[in-house]
1. Report, by residue number, each residue of the stretch 113-143 that is exposed (fewer than 12 other Cβ atoms within 10 Å of the Cβ) and part of a helix (DSSP H, G or I).
2. Please work out if Ala377 is assigned to a loop (DSSP other than H, G, I, E, B), of a type outside the set (Ser, Thr, Tyr), open to solvent by less than 10 Å² (accessible area, probe 1.4 Å) and modelled with pLDDT of 90 or more.
3. Asn152 passes all but one of (1) over 19 Å from Ile170 (Cβ atoms); (2) modelled with pLDDT of 90 or more; (3) in a helix (DSSP H, G or I); which number fails?
4. Could you please find all residues in the stretch 1-16 being touching a Ser or Thr at 6+ places or on another chain (Cβ under 7 Å) and surrounded by 12 or more Cβ atoms within 10 Å (Cβ to Cβ)?
5. For the stretch 341-348, indicate whether the set of residues that are of a type in the set (Asp, Glu) and open to solvent by less than 40 Å² (accessible area, probe 1.4 Å) is non-empty.
6. Looking only at the stretch 413-425, which residues are surrounded by fewer than 20 Cβ atoms within 10 Å (Cβ to Cβ) and either under 16 Å from Leu240 (Cα atoms) or among the charged types (D, E, K, R) (or both)?
7. Determine if the stretch 385-406 includes at least one residue that is open to solvent by 10 Å² or more (accessible area, probe 1.4 Å), of a type outside the set (S, T, N, Q), touching a Pro at 6+ places or on another chain (Cβ under 8 Å) and assigned to a strand (DSSP E or B).
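The values are calculated or read from the model by the stated rules, or taken from the named source; none is laboratory data. Note that the coordinates shown come from a computational prediction; the quantities given were computed from them, not determined experimentally. Cβ sites come from the backbone with ideal geometry, for glycine too, and all protein chains shown count toward neighbours. These area figures cover heavy atoms from the full protein model, side chains too; ligands, DNA and RNA do not enter into them. Shrake-Rupley method; radii C 1.70, N 1.55, O 1.52, S 1.80 Å.
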Amino acid sequence: MVQARYKQVVDRFAADIRAGRMPPGTRLPTHRRLAASEGLALMTASRVYAELGAMGLVSGETGRGTFVRETALPRGHGLIDPQAYQHAAATDMVDLSFNYPSLPGQAELLRASLREIASGGDLEALLRYQPHGGRPHERAAVARHLAASGLNAAGEQVLLVDGAQHGLAITVMALLQAGDVVAVDALSYPGFKLLADAHRLELVALPAAGQGPDPDALDALCKRRKVKAIYTMPTLHNPLGWVMSSSRRQDLVAVARRHGLLIIEDAAYAFLIEDAPAPLAALAPDITVYVSGFSKSVATGLRVGYVVAPPASVAQLERAIRATTWNTPGLMTAIACGWLADGTVARLEAAKRQDARARQQVAARLLGKLKRVCHPASYFLWLPLGEDIRAEQVAMALLRERISVSTAEPYATSAQVPHAIRLALGSVELPRLHSALAKVAEVIGEIDPYGV
């Protein structure tokens with residue numbers, strides 16, 4: 001029977017891949033060659049590869065063919081896979097997959113802040129439930145902080161949340177519905193992809209045009225589909241590091257207004273860019289939800305974020321906070337707002353801008369012969385790989401060297417996933433970063449002798 005023969009082919013390929021007889025990166029025969037060699041119909045041969053793909057053993061790439069996957073590497077290794085991240089963080093692994101930038105002396109800052117709060121007169125208030133969006137004086141403190149970056153908003157428009165990811169989550173919960181179409185960059189933040197999947201949103205990838213999403217492509221998409229929102233990172237895009245120009249921001253806002261779109265502006269890394277163009281929320285405050293926090297600028301353990309929303313959306317967002325965490329984290333918020341008031345946050349942001357630039361300079365020296373896509377003030381960079389280099393192959397080789405990196409898979413929102421790796425530069429001490437980046441260059445060079 002043809003069906004039995006087809007199943008036998010699937011089983012034979014699977015056994016060869018799992019036994020290592022077909023190593024990762026092996027290019028498989030074309031569908032037509034497989035059909036001819038196995039005596040199968042072309043459609044049946046295609047089904048062989050489809051089943052192997054569903055098993056996670058192969059991946060098909062438009063215009064390139066079908067390749068054996070690196071099965072020892074967790075699928076989507078990096079931010080999308082919590083087990084991979086926990087493994088990296090819990091061992092002697094050098095973690096270049098996730099950013100948790102910290103500076104010397106921050107622990108002492110926390111110790112001093114806790115002593116100050118303990119001796120203050122407002123301690124008992126922190127034991128009680130807080131208002132859903134934060135206490136008025138804390139919301140006002142964040143509003144004053146944002147004014148320095150060109151975003152002027154009333155304290156009543158600011159909602160305090162448990163980190164920027166929580167801010168994105170309540171925005172999705174409150175303002176979008178299952179089935180809504182959201183335009184995103186072709187490479188985008190994995191955390192938003194997870195939210196879209198959990199809330200059954202349809203993400204449609206936009207091509208980039210220079211430094212940011214193409215407004216003309218967004219306009220064309222809105223004419224074809226009923227798009228509800230656009231999610232974007234105009235100031236320091238993760239993972240590509242671009243900063244959208246003022247004119248591009250204005251064009252994007254014009255398209256959003258023309259088609260009635262909600263703009264979700266993610267500003268998690270915006271603090272690293274000095275003299276950036278005005279936020280989208282400043283250009284279109286009535287249709288933009290601005291989300292950021294203090295995880296990257298202060299400390300990842302300080303789970304305090306904020307959402308700046310149009311007044312008409314505040315009540316809906318407060319209900320989403322109530323449905324998720326009920327209220328803001330009182331102690332953490334008190335620490336963050338204290339550091340806003342005494343200038344600690346401003347000093348840490350300035351120091352981290354300098355730190356990020358120093359780390360990019362290290363990367364430029366050690367990876368100089370490799371193609372890099374990055375901003376000189378960012379804590380991450382993107383390494384596109386050569387035509388015949390498999391991202392999973394590189395990531396697995398680095399894992400064997402005790403270095404964890406992310407492939408492009410967690411970031412890709414389109415069917416075509418580029419072969420590239422993302423390096424987070426902010427999570428290890430500089431001496432270890434030196435040696436890790438040198439090893440990255442060495443590993444890529446060994447896989448592709450023309451890569452370095």
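1. Within the stretch 113-143, the first condition is being exposed (fewer than 12 other Cβ atoms within 10 Å of the Cβ), and the residues that meet it are 115, 118-119, 121-122, 124, 127-129, 137.
Arg115, Ala118, Glu124, Leu127, His137, listed by residue number.
2. Details: assigned to a loop (DSSP other than H, G, I, E, B): yes; of a type outside the set (Ser, Thr, Tyr): yes; open to solvent by less than 10 Å² (accessible area, probe 1.4 Å): yes; modelled with pLDDT of 90 or more: yes.
Considered against the rule, which asks whether it is assigned to a loop (DSSP other than H, G, I, E, B), of a type outside the set (Ser, Thr, Tyr), open to solvent by less than 10 Å² (accessible area, probe 1.4 Å) and modelled with pLDDT of 90 or more, Ala377 comes out as yes.
3. Just one mismatch for Asn152, condition (3).
4. First, the residues of the stretch 1-16 that are touching a Ser or Thr at 6+ places or on another chain (Cβ under 7 Å): 2, 6.
Tyr6, the sole residue that qualifies.
5. Pass one, the stretch 341-348, residues of a type in the set (Asp, Glu): 342.
Next, only the ones that are open to solvent by less than 40 Å² (accessible area, probe 1.4 Å) stay: none.
Among the residues of the stretch 341-348, not one is of a type in the set (Asp, Glu) and open to solvent by less than 40 Å² (accessible area, probe 1.4 Å), which makes the answer no.
6. Hits for the stretch 413-425 are Ser414, Val417, Pro418.
7. Within the stretch 385-406 (the criterion being open to solvent by 10 Å² or more (accessible area, probe 1.4 Å), of a type outside the set (S, T, N, Q), touching a Pro at 6+ places or on another chain (Cβ under 8 Å) and assigned to a strand (DSSP E or B)), the answer is no, since none of the residues qualifies.
For every residue, the table says whether it meets (1) modelled with pLDDT of 85 or more; (2) among the acidic types (Asp, Glu).
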position	(1), (2)
Leu34	yes, no
Glu51	no, yes
Leu73	no, no
Val94	yes, no
